[in-house]
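Read the figures in this text as sums done on the coordinates, not as results from a lab. Values in this document were obtained by computation on a predicted structure and should not be read as measured data. Ideal geometry is used to build each Cβ from the backbone, glycine not excepted, and the neighbour counts take in all protein chains shown.
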Amino acid sequence: MSLSPLQQLDAAHHLHPFTNHRDMHAAGTHIITEGSGVWLKDAEGRRLLDALAGLWAVNIGYGRREVVDAVAAQMSQLSYYPSFFNSTTEPAIRLAAKLAELAPARLKHAMFCNSGSEANETALKLIRGYWKLRGQPARTKIITREFAYHGVTLATTSMTGLPSCTVPFDLPLPGFVHVPGPNAWAANRESDPVAYGQWCVEETERVIQREGPETIGAIFAEPVQGAGGVIPPPAGYLRALRELARKYGILFVADEVITGFGRLGAWFASGLWDLDPDLMCLAKGLTSGYIPLGATMVSDEIAGVLINGGYLAHGFTYSGHPVACAAALASIGVIENEKLVERVRDDVGPYFRSKLAELATHRAVGQIRSEGLIGAIELIPREGKAALSPTTMLGIKASNLVRKEGVIVRGIRDLIAAAPPLTITREEIDILFAAIRTGLDRLWD
Ligand SMILES: Cc1ncc(COP(=O)(O)O)c(C=O)c1O
C-alpha cells in the first residue's frame, strides 16, 4: 500500500502518543478531516461513527456553532491574558463560578490547567501544600488502584495502575502505593463482584495500616475506571472506599476526567454515588475537547488553608486561558440547554445499556459492563476465557474489525470500549451496535 504525501510527512516527522509507530507507518496513519455530531470524515472521504467521542471527550458532539462562535468572539476580544499575579479574565471567573454551582456541595474553588494529567498533578501539589500547612508534612504518600489511569506526567504515571504505562519508564516513583482495583472479571471473581469489591476495600485498609495512615495524603479514584477497561464500581464499593479515607483522615480525590459532564447521566459521578470528594479533577468533557482545559476543584476547607497559607506558587502560563474557558462555558451551555445529562439518564443511556445487553449472549463475549453512556465488552477466544493470555489482545483485533464496519471503538487488552457523544440518537446507537455485532461475528475467523 502506498502512503499519501501527508502520511509520508507524518511518518517522517510526527511522534504520536500511545502508538506503535512501526505498525502505523506500515498501514498509513488514519487522518481525520471533518466532524459533525457523532460523525467523522477521513482523508479518504469515508464516514465513520465516532463511538469513542474522540478520546472520551466530545460530549456535545463535533462542530457545534455555539462553541465555535464563543471561541471566535473571545479570540477577537482578548486572545489571551494570564491569571498570575493578581490578574485574570472574565471567562475564567465565570467558569470557576459555574463549576462551583454544578459541582458537589463542598467544592467551590477551581484551579485551572490544560489537561487531565495536569489536573491530577495540580491536585497532588495542592494536597502536599495543604498537609504541610496543616502541620502534617509526613502525609506525602498517595494511594491509587490497579487499572487506574490518571495521566502521563512522572507523578500521574506513577498513580496509573497499568503496567503498560509504568514499566517502560521504570515507574512508579517512591511514595505511590497501588491497591487492588475492583475488576472482578480480571480477578476471575465475576460471579461475585460485590464480594470482590468488599475484599478490595479490606485490602486497601490493610495497606493503609501497613504504610501508616499518618504518612498518606490522599486516595485518588476514577469513579468508573476508564482507560483501564471501563470498570464500573460494584455495589457499595466506592462509598466504602470513601468512608475508609475519612476514617483515617486521608483526602479523597475523584478523578472525573471521563465521568464528569454528563457521561453517567449525572453532572458528576461524585453526585451519583454521593462521594463528597475533597478534590475533583476535570478535563475532557469540560470543553467537550474543543480546546484543551483542565480544572482541579477543592473543598472550602482546603481552599481556606491554601488561601491563608501565603503565596500559592503553582499554575501554568495558560491556567484559565480565556479562550478555553469561553469554550467550556459554551459547551456547558449546550449540555444545559439540550438537557444532555437527563437525556443520558432517561433515554440514550438506558437504550445503550439494553443494546449492549443484547450482545451478552454472543459467542465471543465474556462479559459486558456499562454505566450511562460508557460501556465495555470483554472478549473471549474460541477456546474460552482460560485461554486468554496477557498478549492475546483480542480488543485490538475486534476494534479493527468494527472500524471496517464504519464505527470507531477502542480496543484495550481483550475488550472493546465505547463512549459516544451524549448527543447520539437511538438510530445511531443501532448503527453502532450493528457494526460491533458484525465485527464480533468475525473475531474467531
Ligand atoms: C480518568 C483520567 N484521568 C486523567 C487523564 C489524563 O488526561 P490527559 O490525557 O488530558 O492528560 C485521563 C485521560 O484519558 C483520564 O481518563
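One table, with the values for the structure above:
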item	result
Cross-link partners of LYS98 among lysines (Cα-Cα below 17 Å; sequence separation of 8 or more within a chain)	LYS108, LYS284, LYS339
Exposed-loop-free span, longest in the chain, where trypsin sites (Lys or Arg not before Pro) count as exposed if DSSP calls them loop and at most 15 other C-beta atoms lie within 10 Å	135-338
FRET efficiency, GLU342 to GLU427 (Cβ-Cβ, R0 22 Å, nearest 0.05)	0.65
Total charge dipole magnitude, the stretch 339-416, about the Cα centre, Cβ charges on Lys, Arg, Asp, Glu only, Debye to nearest 20	180
Distance in nm between pseudo-label sites at HIS13 and ALA72 (7 Å out along the Cβ direction from Cα)	2.8
Mean separation of Cα contacts under 8 Å (6+ apart) over length of the stretch 66-337, as relative contact order %	30
Between the stretch 378-432 and the stretch 107-165, the alpha-carbon center distance in angstrom	30
Binned Cα-Cα distance frequencies in the chain - 20 Å width, integer %	25, 58, 17, 0
Selected from GLY260, PRO292, MET111, residue furthest toward positive end of dipole (the stretch 66-337; charges at beta carbon)	MET111
The stretch 282-337: chymotrypsin sites (Phe, Trp or Tyr not before Pro) in DSSP loop, at most 11 other beta carbons within 10 Å	TYR311
For the stretch 201-292, share of DSSP beta bridges that run antiparallel, in % to the nearest 5	10
Per-residue HN-Hα couplings for the stretch 286-299 [Karplus 6.51, -1.76, 1.60; θ = phi - 60°; Hz; x = Gly/Pro]	4, 10, 6, x, 5, 9, x, 6, x, 8, 10, 9, 10, 5
Alpha-carbon centroids, the stretch 183-228 and the stretch 311-344: separation in whole Å	31
At R0 = 35 Å, FRET efficiency that the Cβ-Cβ distance of ARG210 and GLU301 yields, to 0.05	0.80
Rounded FRET efficiency, nearest 0.05, which uses the C-beta distance separating MET24 from GLU101 and R0 of 60 Å	0.90
Placed amide H near GLU222: partners under 5 Å, 5+ positions off or other chain	ASP255
Straight-distance crosslink candidates among lysines, where the alpha carbon sits under 16 Å from LYS125 and sequence neighbours closer than 8 are dropped	LYS141
Helix-only [θ]222 nm of the chain, DSSP H runs n ≥ 4, -39500 (n - 2.57) each, per residue, nearest 500	-11500 deg cm²/dmol
From phi via Karplus (6.51, -1.76, 1.60), per-residue ³J(HN,Hα) for the stretch 258-271 in Hz, x at Gly/Pro	9, 7, x, 6, x, 4, 9, x, 8, 4, 9, 4, 4, x
Reachable aspartates and glutamates, given that their alpha-carbon falls under 17 Å from the alpha-carbon of LYS397 and they are not under 8 places away in the same chain	ASP23, GLU378, GLU383, GLU405, ASP414, ASP441, ASP445
DSSP-defined beta bridges in the stretch 66-337 - what % are antiparallel, rounded to 5	45
